[in-house]
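Working notes, structure below.
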Amino acid sequence: LLMSIGSYQQVNALTSGSSDQADSQDTWGNFADSVGSSEFPALWLTLLCTQIPAVRSGMVLLGSANRGPFAPAAVWPDPARDLTHLTPAAERTLRERRGFANRRIVNSDASDAPVYDLTYPLLVGDALHGAIVVEVADLSGAALQDVLRQIHWGAASLELELHKRERVAGVEARQQVFALLDLIAVAVEEERFQSAASALVTELATLLHCDRVSLGLLKGRQMQVQAISHSATFGRQMNLTRLIEAAMDEAVDQETRIWWPSDDETKLVDAHQELVQQQGAPEICTLPIRVRGNWEVVLTLEFPTGHRLSTLDADFCETVGEIAAPLLLCKREQERWLIVKAWGVARKQVGRLFGPAYLGRKLVAMMIFLFVLFFTFAEGDYRITANSTLEGGELRALTVPFNGYIDSASARAGERVTAGDLLATLDDRDLKLEQVRISTERAQYRRERRQAAADHDRALVRILSAQIEQAEAQLRLIEEQLERTRIQAPFDGIIVSGDLSQSLGAPVQQGDVLFELAPQDRYRVKLAVGEADIDDVTSGQSGTLVLAALPHQPIPLEVTLITPVTTVEDGLNTFKVEALLTEVPANLRPGMEGVGKIDVGERRLIWIWTRGFMQWARLQLWAWWP
């Protein structure tokens, strides 16, 4: 905001001297005539400040709604005056979206003078467009309230002006959208590429009042003019066509827009200058457009004298090109005969293979031929590949022994634990209170039994003895439950699932699974073998497992069980085959996935590589054979 104020003071002087004539009829007339212009905020601020007593300075900040940056649009009384001391008040108003009065002390040579910074946000609906900041001398409470009311009421006209500008901008945006849709509709309605391109550039020239609009497409390494506005046909060898193509190449080579006359000395504009000299086009703008990552489309627009294409219109033309270019290219491709397309692709590839250059492609073709020759006669290990999952040899579930609450959690999934390690505890306060209560009842029953024995009341003694036994049984149950509030690891292993660190104090029900524990030294592998390969798998075969987490560490395995039940995975029937690891690395974890390969025997490499295709071909032939 400080930089914006400084920039405004250096390059903008909207109302110099306006304070001297603020009360005149001319100022009010200028204010009424400035509606919709850039001078409106300055004249509005001048009228406001001249009607406020003891005003020292004022400032209006404007910017993009809710986004900013907010910069000074008007300063009173002198645009060159340093108003950076109003920055804190302005920033607070923009941040809090409300007006306020901030009293501060101004140090001067004579004495310290108090002043007020009065601020008010400019809101149009819920959108923040800026703020008003006025600096006044120290006023009494009533006078200060009057000034605040004047700012509040005066801001209504400024907010109304901002609202009108928003409406105008919205109308212009809608008009551009409608114009864009009309241009695209013109290109879509035409069936042929040439007619679509000609109609598009003609409509664009009419819309922007151009003398001529040319459309060029990349062909090889150079641009080629495909359509010129208001021209159904044109010669490729025409001098005009060659000059326009040169200007297009110039813009594509520099990958930037080029205007003529040019105001950027760093750009090369020789081709544009030659086009102007020979064809007399006073104003030119060439727009290269990127399509599919390449500069494939260029628009060259020529205007009459004094009509220079604005940046907004240039962006609009680029948008038209970006949307229409794929459509035009698709029409051009569709117009080619299918056999011509196929022949063109084949000739192009064969020419690259047997013609000059493209050494890499020739080497690749030679290598493919040698590989096919080698695989036809060489033999190798035939192995069946299957997606694999690592599971624990057994999986122990640690459940909640009774209804309660989680008190603490000292372990979580992925950690290695040893037998007896504490994994979690349940809240035992209720159990301890129950234990104290039952112990008290047992002591009471014992006193009553002694009194009954002293009174020789045998029936009561027997009743109290039974109640004492019942209380002791309840105490033993509670002691057992207190012991089971400590969830401990039953053996050495790794926690497969369970994380109670985010559930402390949460209620749990009896039977809820808190942790799942798998041993560290016993694992089994489940392989999903396709039904086309299951016939080659037998128990006792060896193989190798490579896990995604340990691709550098092959693990040997041995097939132990082939299940007769199929499952569907990714649309294919697979059989579950179980295998045991003959070696167990220390860094394994249950749930790891990878790829397992089962060794079957020696086969020819060409048979191994084509086996799947040959099986599919035989099946299809059998299905279609009468």
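The values are calculated or read from the model by the stated rules, or taken from the named source; none is laboratory data. All values derive from a computational prediction rather than experimental measurement. Reconstructed Cβ throughout: ideal geometry from the backbone, glycine too, with neighbour counts over all protein chains shown. For the accessible areas, the whole protein counts, side chains as well, though only heavy atoms, and no ligand, DNA or RNA atoms are used. Shrake-Rupley method; radii C 1.70, N 1.55, O 1.52, S 1.80 Å.
If I ask for residues that are in a helix (DSSP H, G or I) and either open to solvent by 60 Å² or more (accessible area, probe 1.4 Å) or closer than 20 Å to residue 319 by Cα (or both), which ones from segment 250-260 would you list? Write out each step before concluding.
We begin by selecting, within segment 250-260, every residue in a helix (DSSP H, G or I); these are 250-254.
Listed by number, the residues that qualify are 251, 252, 253, 254.
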- Query: Within segment 527-539, is there a residue that is of a type in the set (Ser, Thr, Tyr) and over 41 Å from the mean Cα position of the chain (by Cα)?
  - Reply: yes
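In segment 379-405, which residue that is in a strand (DSSP E or B) and open to solvent by 70 Å² or more (accessible area, probe 1.4 Å) is modelled with the lowest pLDDT?
Within segment 379-405, the subset in a strand (DSSP E or B) is 379-392, 396-399, 404-405.
The next check asks that each one be open to solvent by 70 Å² or more (accessible area, probe 1.4 Å); those that pass are 379, 381, 383, 385, 387, 396, 405.
On the way: 379: 83, 381: 86, 383: 90, 385: 90, 387: 91, 396: 78, 405: 84.
Residue satisfying both the conditions and the ranking: 396.
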Taking segment 423-450 and keeping only residues that are polar (S, T, N, Q) and surrounded by 13 or more Cβ atoms within 10 Å (Cβ to Cβ), one is left with 425, 435, 439, 444
Only one of (1) part of a helix (DSSP H, G or I); (2) surrounded by 14 or more Cβ atoms within 10 Å (Cβ to Cβ); (3) at pLDDT 85 or above does not apply to residue 226, and that is (1)
Here the residues within segment 352-378 that are under 26 Å from residue 544 (Cβ atoms) and either open to solvent by less than 80 Å² (accessible area, probe 1.4 Å) or outside any helix (DSSP H, G or I) (or both) are 375, 378
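Restricting the search to segment 254-265, which residues are at pLDDT 80 or above and over 21 Å from residue 217 (Cα atoms)? Can you show your working first?
Taking segment 254-265 and keeping what is at pLDDT 80 or above, we get 254-261.
Scanning segment 254-265 gives 260, 261.
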Taking segment 68-97 and keeping only residues that are modelled with pLDDT under 80 and within 31 Å of the chain's Cα centre (by Cα), one is left with 68
Does segment 409-418 contain any residue that is at pLDDT below 85, open to solvent by 20 Å² or more (accessible area, probe 1.4 Å) and acidic (Asp, Glu)?
yes
Note on segment 307-351: residues open to solvent by less than 70 Å² (accessible area, probe 1.4 Å) and outside any helix (DSSP H, G or I) are 307, 309, 310, 335
When restricted to 375, 354, 369, the only residue closer than 30 Å to residue 542 by Cα and out of contact with any Asp or Glu (no Cβ under 7 Å at 6 or more places or on another chain) is 375
A careful count of residues in segment 527-558 that are of a type in the set (A, V, I, L, M), touching a strand residue (DSSP E or B) at 6+ places or on another chain (Cβ under 6 Å) and either without any contact (Cβ under 8 Å) to a residue 60 or more places away in the chain or open to solvent by 40 Å² or more (accessible area, probe 1.4 Å) (or both) gives 5
Going residue by residue through segment 595-606, is there one that turns out to be within 36 Å of the chain's Cα centre (by Cα) and at pLDDT 90 or above?
yes
**Request:** Return yes or no: is residue 570 without any contact (Cβ under 8 Å) to a residue 24 or more places away in the chain and either open to solvent by 50 Å² or more (accessible area, probe 1.4 Å) or on the phi < 0 side of the Ramachandran plot (or both)?
**Result:** yes
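Go through the residues of segment 452-461 one by one and say whether even a single one is in a strand (DSSP E or B) and surrounded by 15 or more Cβ atoms within 10 Å (Cβ to Cβ). Spell out the reasoning first.
First pass over segment 452-461, keeping only residues in a strand (DSSP E or B): none.
No, that holds for no residue.
Got at least one residue in segment 270-277 being within 17 Å of residue 322 (Cα to Cα) and either out of contact with any Phe, Trp or Tyr (no Cβ under 8 Å at 6 or more places or on another chain) or modelled with pLDDT under 80 (or both)?
No, segment 270-277 contains no residue that is within 17 Å of residue 322 (Cα to Cα) and either out of contact with any Phe, Trp or Tyr (no Cβ under 8 Å at 6 or more places or on another chain) or modelled with pLDDT under 80 (or both).
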In segment 293-312, residues that are under 30 Å from the mean Cα position of the chain (by Cα), touching a residue at least 24 places away in the same chain (Cβ under 8 Å) and over 18 Å from residue 245 (Cβ atoms) total 0
Log entry, pairs with first residue in segment 471-489 being in a helix (DSSP H, G or I), second being of a type in the set (Lys, Arg), beta carbons closer than 8 Å, six or more apart or on different chains, reads 471/442; 472/442; 475/442; 482/432
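So that you can scan it fast, the table gives a plain yes or no per residue for (1) open to solvent by less than 50 Å² (accessible area, probe 1.4 Å); (2) of a type outside the set (Ser, Thr, Tyr):
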| position | (1), (2) |
| --- | --- |
| 222 | no, yes |
| 231 | yes, no |
| 262 | yes, no |
| 269 | yes, yes |
| 277 | no, yes |
| 280 | no, yes |
| 287 | yes, yes |
| 299 | yes, yes |
| 302 | yes, yes |
> Mind checking whether some residue in segment 600-620 is closer than 26 Å to residue 495 by Cα, open to solvent by less than 80 Å² (accessible area, probe 1.4 Å) and not in a helix (DSSP H, G or I)?
Replying inline: no
Only one of (1) of a type outside the set (Asp, Glu); (2) over 17 Å from residue 278 (Cβ atoms); (3) touching a residue at least 40 places away in the same chain (Cβ under 8 Å) does not apply to residue 212, and that is (2)
Counted residues in segment 56-88 being assigned to a loop (DSSP other than H, G, I, E, B) and either open to solvent by 20 Å² or more (accessible area, probe 1.4 Å) or in contact with a Phe, Trp or Tyr (Cβ under 6 Å, 6 or more places away or on another chain) (or both) come to 12
